Amino acid sequence: MILGISHLVLSSGNMEEDGKSLKSLGYKRVFTQKKIINPEIKQPLFSKFSNYHDLSFFKSDDGPNIELLNWKNERSNQSNFGPLLILGIDNQYLQLIGDKILTTDIDTAKNDMSISEVISEVIHKRDKSLNNKAILIKTNRLQESIIFWELFGFKIYSQSDRVIIMSNEVIISKNYNLKLCLLEVNKINKNPHLDDTGISCISFLSTNILKDKKMLFENKIHFIEIGCISINKKNLEIIFAQGKNGELVEIIEFK
């Protein structure tokens, strides 16, 4: 059973510098672990497989945590996720990852307003709270993507003719919550990998990964079972799921 967001997976070519950037935004480093073995079963999840990777985990007080990962290879493909936006009541936004994406990328584009501004405008029609955190997700089949994210506890929160906002309001912790901004575009990365540039994957916490595997199977969602691994002296069971429109998610259960 999906509990909520665990963290965002962020590929990094320079963990020291990217870590400093995250700290400047209020993130706190929890731990760093180096030379983690990549099991061979994960090969389909990489554009260029490496035997090891380094990891730094950063925690936020009011939004999704971030797992900074150096995959020990050259990243070439852009992911369908990102940037992560922090939206304020004055419609200002902060892009953590990625360049400004213009509405010219969207089939229904009407002007040259940035996507970030459109999202901010849509969200603040309903929610005036500070520090809304949202992530852009590009898709070429909007309705299919909505169905995919509904399987992970998201519901339509707000919408315009250009943007669908989905939200998973979890009362337990703000860290489990995230708004998804689904954008229908002509071109996406149809074969996403963990080592794609930027935010490459959304990770979810589960209380019963067996039920989640059954859910994925019944909905014909492709998934890869990684099995149990140890991170920061904790045993985790992990599976990855891939949607038909460039979605890539991780499901974790602590053992």
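In table form, for the structure just shown:
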quantity	calculated
Asn189 vs. criteria under 15 Å from Phe148 (Cα atoms), touching a strand residue (DSSP E or B) at 6+ places or on another chain (Cβ under 8 Å), assigned to a loop (DSSP other than H, G, I, E, B) and at pLDDT below 95	no
Filter result for Leu248 (under 19 Å from Ile41 (Cα atoms) and buried (at least 19 other Cβ atoms within 10 Å of the Cβ))	yes
Tabulated pairs, segment 21-44, first under 18 Å from His7 (Cα atoms), second assigned to a helix (DSSP H, G or I), C-beta under 9 angstrom, 6+ apart or interchain	Tyr27/Gly19; Tyr27/Ser21; Lys28/Leu22; Arg29/Gly19; Arg29/Leu22; Arg29/Lys23; Thr32/Met15; Thr32/Gly19
Candidate set from segment 1-41 (those that are of a type in the set (Val, Ile, Thr) and touching an Asp or Glu at 6+ places or on another chain (Cβ under 9 Å)); member that is farthest from Val249 (Cα to Cα)	Thr32
Scan of segment 197-228 for residues that are out of contact with any Phe, Trp or Tyr (no Cβ under 8 Å at 6 or more places or on another chain), in a strand (DSSP E or B) and buried (at least 17 other Cβ atoms within 10 Å of the Cβ), ordered by number	Thr197, Ser203, Ser206
Filtered residue count, segment 149-163, keeping only those that are at pLDDT 85 or above and either of a type outside the set (Phe, Trp, Tyr) or over 12 Å from Leu180 (Cα atoms) (or both)	5
Extreme residue, surrounded by the most Cβ atoms within 10 Å (Cβ to Cβ), among residues of segment 16-29 that are at pLDDT 85 or above and under 27 Å from Ser206 (Cβ atoms)	Tyr27
Failed item in (1) at pLDDT 85 or above; (2) surrounded by 20 or more Cβ atoms within 10 Å (Cβ to Cβ), with Thr32 passing the rest	(2)
Given (1) free of Cβ contacts under 8 Å to residues at least 60 places away in the same chain; (2) within 15 Å of the chain's Cα centre (by Cα), number of the condition Phe57 does not satisfy	(1)
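The values are calculated or read from the model by the stated rules, or taken from the named source; none is laboratory data. Worth saying up front: this structure is predicted, and the values here are computed from it rather than measured. Note that we place each Cβ from the backbone using ideal geometry, even for glycine, and neighbour counts take in every protein chain shown.
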